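One structure below.
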Amino acid sequence: MKTYGKNIAVVSMAMAMSFMANQALAVDEHYVDGGAVVGGTDVVAYHTVGAPTPGSAEFASEYQGATWHFSSAENKALFDANPAKFAPAYGGWCSAGASKGKKVPTQPDLWAIVDGQLYLNSSPAAHNKLFLANTDTVISKGESNWKVIFATSREALLEQ
């Protein structure tokens, strides 16, 4: 009986640690500021209103281990029905940064929707001189790099 109990304890501990590691990993896949992805900006509003709109914790959802805020119950429902449609590329990290293999925090007013996908950027230079000037190249490089960097912490990428 003792061996059986120890095995269950070891398996339980391993499962708990795996779950916690996956939760931490999922959050780092997204740019989280102030407890919510992209600082609580309503990612659906970019598509419906055509502008960055502050979200509220009153209308919050969980997706991929992260908290998302919305400005209305309607936008929350749209996101909940199809989160992949509204979640920004590269977890809300800077598109130009992802094209260079980095995770760079974004500013909600530096954005574009390309082929239905929301892209955010970190600075006017990154947005205007890189993303808008070379949209296809930035997206292509970002997609290629994201496959490698999505599960790597921002800190680890800065050390490289």
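The values are calculated or read from the model by the stated rules, or taken from the named source; none is laboratory data. Nothing here was measured: the structure is a model prediction, and the numbers come from that model. In this analysis, Cβ positions are derived from the backbone assuming ideal geometry, glycine residues included, and neighbour counts consider all displayed protein chains.
Condition check for A156 on (1) crowded, with 20+ Cβ neighbours inside 10 Å; (2) at pLDDT below 95: one failure, at (1).
With respect to the stated conditions, K103 is part of a loop (DSSP other than H, G, I, E, B), among the basic types (K, R), buried (at least 18 other Cβ atoms within 10 Å of the Cβ) and touching a residue at least 12 places away in the same chain (Cβ under 8 Å). Restricting to the range 106-130, name every residue that is assigned to a loop (DSSP other than H, G, I, E, B) and either of a type in the set (S, T, N, Q) or under 27 Å from A156 (Cβ atoms) (or both). The answer is T106, S122, S123.
Taking every residue in the range 142-160 that is at negative phi and pairing it with any residue that is loosely packed, with under 13 Cβ neighbours inside 10 Å and not aliphatic (A, V, I, L, M), at least 6 positions away or on another chain, the pairs with Cβ-Cβ distances below 9 Å are T152/Q160.
Evaluate the following for L118: is it under 19 Å from T67 (Cβ atoms), buried (at least 18 other Cβ atoms within 10 Å of the Cβ), modelled with pLDDT of 95 or more and aliphatic (A, V, I, L, M)? Yes, satisfied.
Of the residues making up the range 137-151, those that are surrounded by fewer than 16 Cβ atoms within 10 Å (Cβ to Cβ) and assigned to a loop (DSSP other than H, G, I, E, B) number 1. For W93, indicate whether it is closer than 27 Å to Q160 by Cα, of a type in the set (F, W, Y) and modelled with pLDDT of 95 or more. When the stated conditions are applied, W93 passes them.
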